[in-house]
1. Tell me the strands (runs of 3 or more DSSP E) entirely within region 273-371 that contain at least 3 residues that are aliphatic (A, V, I, L, M) and buried (at least 18 other Cβ atoms within 10 Å of the Cβ).
2. So which of 138, 163, 167, 152 is without any contact (Cβ under 8 Å) to a residue 60 or more places away in the chain, closer than 15 Å to residue 103 by Cβ and among the small types (Gly, Ala, Ser)?
3. Residue 48: in a strand (DSSP E or B) and in contact (Cβ under 8 Å) with a residue 60 or more places away in the chain, yes or no?
4. Applying the selection to region 362-380, what residues are within 14 Å of residue 322 (Cα to Cα) and within 41 Å of the chain's Cα centre (by Cα)?
5. Being within 26 Å of residue 110 (Cβ to Cβ), outside the structural domain of residue 281 (by TED's automatic domain parsing) and either at pLDDT 95 or above or in contact with an Asp or Glu (Cβ under 8 Å, 6 or more places away or on another chain) (or both) is the requirement here; does residue 183 meet it?
6. Assuming residue 387 fulfils every condition listed in (1) at pLDDT below 90; (2) crowded, with 16+ Cβ neighbours inside 10 Å; (3) among the charged types (D, E, K, R); (4) out of contact with any Leu (no Cβ under 7 Å at 6 or more places or on another chain) apart from one, which condition is it?
7. Grab the strands (runs of 3 or more DSSP E) fully contained in region 161-257, keeping just those with 1 or more residues being farther than 28 Å from residue 283 by Cβ and not β-branched (Val, Ile, Thr).
Amino acid sequence: MPSPLLRCAAGLAMAAALAACGPADQDAAQPGQGQPQAMPVQVAQPLREQVADWDEFTGRFESTASVQVRARVTGYVEAVRFTDGQMVEEGDVLFVIDSRPFEAALAAAEGQRAQARAELAQAETDFARAERLRASDAISEEELEQRRTGQAAGQAALASAEANVRAARLDLDFTEVTAPISGRVSARNVDPGNLVAGGSSQGDVLTTIVSDDPLYFTFNASEATWLRYQRGQGTGAGAPVEVRLQDEAEFSRTGEIVFADNQIAGQSGTIRMRAEIANEDGFIRPGMLGEVRVRGSSPYQALLVPQTAVQTDGARRLIYVVNADNEVEARAVQLGPISGNLRVVQQGLEPSDRVIVNGAIRVQPGAPVQPQDAVIERDPDAPSTLRIQTQPAASARPAN
């Protein structure tokens with residue numbers, strides 16, 4: 001009968017034999033296990049297009065001209081010749097002030113002018129007579145000088161009287177308060193029968209007029225943006241712009257930059273800029289909020305890929321490409337702006353690279369793949385990246 005020591009030695013020898021042959025038998029039973037499987041992916045070369053960078057800002061529409069209408073004379077309002085909110089042209093009569101006191105003042109000034117003319121005529125006659133008498137030594141030189149002084153005083157009095165007539169006529173003309181500019185008038189602040197003070201900056205404001213075609217669109221740009229414009233990477237003054245309102249999905253109106261302020265605001269680090277926008281239909285009102293898109297660079301050739309091809313690895317942005325061995329490579333890239341459904345790649349990608357545009361989420365760098373050719377195309381109906389901010393109505397009622 002075998003001893004326990006022999007039975008233990010035999011068991012260890014059998015276990016060693018099984019350990020030696022087990023893996024080989026398993027590999028033989030399951031050939032190919034552990035090798036990565038080549039996944040099918042769609043690849044395409046980057047789209048090459050000429051593009052221009054656009055900067056987007058929020059701002060407000062402003063009138064190119066705004067006037068507070070005041071009377072130039074003090075008096076009682078006799079009539080109002082406009083409807084609140086209507087469009088008026090420069091020179092249109094807006095208010096009529098009672099003209100009777102000013103007509104009387106003009107008549108008095110004209111009377112004083114007539115008197116001054118008569119007195120001047122008499123002084124000229126006296127001076128002419130005095131010159132003849134002095135020639136025959138009938139009067140002294142002192143009397144001649146007195147007649148000459150009287151003539152000069154008469155001329156001065158007539159000039160003063162004529163100035164008073166012109167001033168009185170102006171006051172009479174000012175009893176018709178006219179529109180100083182063309183634009184949309186606000187509501188009237190006074191009704192007929194009210195006494196208004198005029199003739200100074202402290203006078204009563206009768207109404208206001210704002211010009212609404214064209215309009216200014218004012219916004220603030222960062223110092224970095226302004227530096228880029230100044231260094232020639234953008235077009236700055238004269239640059240084309242596109243504008244849209246809060247409830248619009250598309251940038252429907254165009255214009256150009258016409259003004260940049262002469263200094264950077266110290267607290268915000270921004271510079272005030274202004275674009276001029278046509279408003280022929282009068283739809284936009286000064287004070288409305290909008291979005292402006294400014295062309296911030298000259299056109300350049302760019303490489304574009306779908307946004308779905310861009311992967312994130314912490315702070316890095318990666319694009320997976322397929323090399324000549326049909327293996328995945330990760331490229332660290334520097335991205336540019338969004339262009340519709342595509343993204344500009346500024347650095348890290350070559351025009352000949354085969355970019356994985358579909359299936360990148362299923363692969364890892366170094367993995368073999370089965371590339372299938374595809375084409376990157378621009379979607380003309382790609383939605384805007386900016387949100388439309390609208391407010392719902394408070395309630396709805398039957399129309400009838």
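The values are calculated or read from the model by the stated rules, or taken from the named source; none is laboratory data. Just so we're clear, the structure is a prediction, and the values are computed from it rather than from any experiment. As a convention, Cβ positions derive from the backbone with ideal geometry for all residues, glycine included, and neighbour counts pool all protein chains shown.
1. Correct list: 300-306, 316-322, 342-347, 355-358.
2. 167
3. Yes, satisfied.
4. 374, the sole residue that qualifies.
5. For residue 183, the condition - within 26 Å of residue 110 (Cβ to Cβ), outside the structural domain of residue 281 (by TED's automatic domain parsing) and either at pLDDT 95 or above or in contact with an Asp or Glu (Cβ under 8 Å, 6 or more places away or on another chain) (or both) - is not met.
6. Failed condition: (2).
7. So the answer is 176-178, 215-222.
Matching residues to (1) touching a Pro at 6+ places or on another chain (Cβ under 9 Å); (2) surrounded by 13 or more Cβ atoms within 10 Å (Cβ to Cβ); (3) farther than 30 Å from residue 338 by Cβ:
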{"position": "38", "(1), (2), (3)": "yes, yes, yes"}
{"position": "50", "(1), (2), (3)": "yes, no, no"}
{"position": "53", "(1), (2), (3)": "yes, yes, no"}
{"position": "89", "(1), (2), (3)": "no, no, yes"}
{"position": "96", "(1), (2), (3)": "yes, yes, yes"}
{"position": "104", "(1), (2), (3)": "no, no, yes"}
{"position": "109", "(1), (2), (3)": "no, yes, yes"}
{"position": "126", "(1), (2), (3)": "no, yes, yes"}
{"position": "138", "(1), (2), (3)": "no, no, yes"}
